[in-house]
Amino acid sequence: MSVRRYYLDSYTHQFSSRIREVASVEGRAAAILEETYFYPTSGGQPHDTGWLGPARVTEVVVREADGAVLHFLDTAIPAEPAPARIDWPRRFDHMQQHTGQHILSQAFERVAVAPTIGFHLGADRVSIDLACSSISDGQLAEAESLANDIVSRNTPVRAWFPDAAELGALALRKQPEVAGPVRVVAIGDFDRSACGGTHVAAAGEVGSIAILRSERLKRGMRVEFLCGGRARADYARKHAIVRELSASLSCAPAELGSSVARLQESLQQSRRELAVHQERALDAEAADRLHRAELREGIRIVRAAWTERPMEQLKGLALRCTEQPGVIVLLGIAGARSQLLFGRSEQLTLDLKPAFEQALAALGGGRGGGARLLQGAAGPADLATLEAVLGSAEAGLRGTA
């Protein structure tokens, strides 16, 4: 079993250790050190990365068989003493996020009586899952304020292995479910929790804690947050967005909400006016196409094809035309995925399905269907090909009418 030095010292990130064993695990080079400061993936915290001699440490895990810490490497190295260096920015970021999580979890215990039942530290987001059915915006704000108060007080953080008597006297936020020695992380008198992760020495090093959002889960509520450098970077990104929006809208940051509301209302009004114009345009187009369609044996066939047009407009045109008695529409859109829309007036009994399926087959096959309006899509077709297919369909229908 490797001696895990990170338990009592999270700050050492350069050291030298004898390599006890080198191995190949499923084709990956790995090394086991006599003692290590590299943290293996555990308890919701990701592993450290870094360097061991000339090799890059890409992953660190605990071998279940004997508890040894496996350092996976990008290249094999000899079993001799080697300098080790942990990726410190990554390690310190994890320390900030993990200690911040302990503080925030205790804050939610006090503000909302919501115990933490899950923790995830990802590359971009950090989250805790709370055992509660809901949490209000007010409780989120209160928990964030309480957590940042602990940070601003620079409350000391201690990690140690108490003996059985001391452990029994400690009021831990969550009872450990492990056998053997239990490591406790205490943040002053504010929080005590069993934890094997890496932590800062004082809460002030967390920097700040910013709650981003919350969402409901089947088992409770998830709260996403950021600490320290991540929180500062998130603030900088959002401040840049606010600055750009304020400049483009010619308003102060405090006026952004009202300015955006006015823009939304203006956009909705423009959409309403556009919809009215589009409806009138479709009315006029339907009247024009019906006027130009030849009346033969009591039936008018409106045939048209486009290279680009929304299918919803074709439906609107088809419905307007077939509101009149004795009308058939044969419409299509050319392109990488050709589309067809055939329709008829309500009182016509002519079955359009055979002509519709033949047209789909002529366009490379496709799927579609319907009752009075039949819609479907087929293979690629240019405008000339599509117009020829619609012309054949019209000729066939004229022959059966």
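The values are calculated or read from the model by the stated rules, or taken from the named source; none is laboratory data. Remember, it's a predicted structure, so these values are computed and weren't measured experimentally. So basically every Cβ, Gly included, is an ideal-geometry build from the backbone, and we count neighbours across all protein chains shown.
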* Structure fact -> Apart from one, (1) over 22 Å from residue 102 (Cβ atoms); (2) touching a residue at least 40 places away in the same chain (Cβ under 8 Å) all hold for residue 245; the odd one out is (2)
* Structure fact -> Those residues of segment 316-341 which are of a type in the set (D, E, K, R) and under 35 Å from the mean Cα position of the chain (by Cα) amount to 337
* Across segment 1-52, which residue is surrounded by the most Cβ atoms within 10 Å (Cβ to Cβ) among those that are of a type in the set (Asp, Glu) and in a strand (DSSP E or B)? -> 35
* Of the residues that make up segment 91-109, is at least one closer than 26 Å to residue 206 by Cβ, exposed (fewer than 13 other Cβ atoms within 10 Å of the Cβ), out of contact with any strand residue (DSSP E or B) (no Cβ under 7 Å at 6 or more places or on another chain) and aliphatic (A, V, I, L, M)? -> no
* Which ranges mark the strands (runs of 3 or more DSSP E) fully within segment 114-189 that have 2 or more residues being within 31 Å of the chain's Cα centre (by Cα)? -> 116-121, 126-130
* Structure fact -> Among the residues of segment 68-81, the number that are out of contact with any Lys or Arg (no Cβ under 9 Å at 6 or more places or on another chain) and either over 16 Å from residue 28 (Cα atoms) or buried (at least 18 other Cβ atoms within 10 Å of the Cβ) (or both) is 1
* Asked: Regarding residue 257, is this residue small (Gly, Ala, Ser), outside the structural domain of residue 384 (by TED's automatic domain parsing) and crowded, with 16+ Cβ neighbours inside 10 Å?
  -> no
* **Hits in segment 13-30 (condition: without any contact (Cβ under 8 Å) to a residue 60 or more places away in the chain and under 38 Å from the mean Cα position of the chain (by Cα))** => 23, 24, 25, 26, 27, 28, 29, 30
